[in-house]
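Trainee: Below you'll find the structure I mean.
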Amino acid sequence: MNVKEKDTGKGMLRLIECDKGNDIFVWKSPIEDFNYGSQLVVHESQEAIFFKDGKAMDTFGPGRYTLSTQNLPIIGGAIKIPFGGESIFRAEVYFVNMTTQMGIRWGTDTRVRLFDPASGLYVEIGACGSFNMRVSDPRRLVVKLVGTEGM
């Protein structure tokens, strides 16, 4: 996580980005109060999803964005609170890792004892393996699977 603040003389501007490794699928930014003019940086392997009042409002692909009413229409309808001569708005930002996660291991914790009718013996079996996974719809992942858990 990388959060930088810069005093512009008119208030604090923030740089919001996620510099977590590729082993993190979804990460929620701890910053929820943004000033107009704050910068959002979305890395090449990420997408960022803005939530306002519990609803997924907008998705940002890779790039640098200056938060304003032009690229984030929810700001225009947000409650404006004076803060150091600038207005702030409250929203949540989730970063989703879009890389293919390879070699995710799985397995049974313990062996299961089963009766084999062909041999008349009890056998203990277990299972393990690995799989690869890639997010195809980051908005749906956050809304349906992650929900609004603090991350």
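A short reminder: the numbers here are calculations on the coordinates, not readings from a lab. It should be emphasised that the depicted structure is a prediction, and the values quoted were computed from it without experimental measurement. Reconstructed Cβ throughout: ideal geometry from the backbone, glycine too, with neighbour counts over all protein chains shown.
Trainee: Apply the a/c threshold of 1.5 to the C-alpha gyration tensor of the range 91-151 and tell me whether it is rounded, prolate or oblate.
Mentor: The shape class here is prolate.
Trainee: Got a sec? How would W106, W27 order by Cβ neighbour count within 10 Å, fewest to most?
Mentor: Result, fewest neighbours first: W106, W27.
Trainee: For M57 and R134, compute 0.36 nm times the residue count separating them, minus their Cα-Cα distance, and round to one decimal in nm.
Mentor: Roughly 25.5 nm would be gained on extension.
Trainee: For the range 98-107, what does the Karplus curve 6.51 cos²θ - 1.76 cosθ + 1.60, with θ = phi - 60°, yield as ³J(HN,Hα) per residue in whole Hz, taken in order and with x for Gly and Pro?
Mentor: 9, 6, 6, 8, 10, x, 6, 8, 9, x
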